[in-house]
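Trainee: Got a structure here, written out as structure tokens. Questions coming.
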Amino acid sequence: MNVKLSILGSDSIGNAIGKAFARYWFDVIFYDRDRTVLNALAAVGYQVSSNLADRVKRSNISFICVPPTVKR
């Protein structure tokens, strides 16, 4: 069985984590709200999705890689 990982937030940190796991033959799919980030990843051959709920349901492990939200 191949472990399915979803990277939720695919900018700098998520991008690096996902690519590292992909090098070790994990099934990685990237999610981000920003379509330009997804288009850049898709252009170099990575799997991407713009459907958050579907990604979480279909993954064994999900990494949340978003900046913290701070209330002021």
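Here, each number is a calculation from the coordinates, and none is a lab measurement. Please read all numbers here as calculations on a predicted model, not as lab measurements. Every residue, glycine among them, receives a Cβ derived from its backbone with ideal geometry; neighbour counts consider all protein chains shown.
Trainee: Give me the number: length gained by fully extending residue 35 to residue 3, i.e. 0.36 nm times residue separation minus the C-alpha to C-alpha distance, one decimal in nm. Walk me through the numbers before you get to the answer.
Mentor: On the way: separation 32, 0.36 × 32 = 11.52 nm, distance 2.52 nm.
Gain in length upon complete extension: 9.0 nm.
Trainee: Follow-up question, since we're still on this one. How much net charge surrounds residue 67 when only the other residues with a Cβ under 14 Å from the Cβ of residue 67 are counted, with Lys and Arg +1 and Asp and Glu -1? Write out the running numbers ahead of the final one.
Mentor: On the way: positive: 33, 71; negative: 11, 32, 34.
Net charge around residue 67: -1.
Trainee: Among the aspartates and glutamates, select those whose C-alpha is under 19 Å from the C-alpha of residue 57, and discard any that sit fewer than 8 residues away in the same chain.
Mentor: Excluding near neighbours in sequence, the set is 27, 32.
Trainee: Write out the chymotrypsin sites (Phe, Trp or Tyr not before Pro) in the chain meeting two conditions: DSSP loop, and at most 11 other Cβ atoms within 10 Å of their Cβ. Each step should come with its number before you reach the end.
Mentor: Working: sites: 21, 24, 25, 26, 30, 31, 46, 63; in loops: 24, 25, 26, 46.
Answer in residue order: 24, 25.
Trainee: Taking Rg/Rh (Cα atoms, Kirkwood Rh) straight from the coordinates, which label in (1) 1.09; (2) 0.95; (3) 0.97 is the correct one?
Mentor: Only one option fits the structure, namely (3).
Trainee: Based on Cβ point charges of +1 for Lys and Arg and -1 for Asp and Glu, what charge dipole magnitude is obtained for the chain about its Cα centre, in debye rounded to the nearest 20? Before the final figure, lay out each step's value.
Mentor: Values: 10 positive and 5 negative charges, 39 e Å.
Dipole size: approximately 180 debye.
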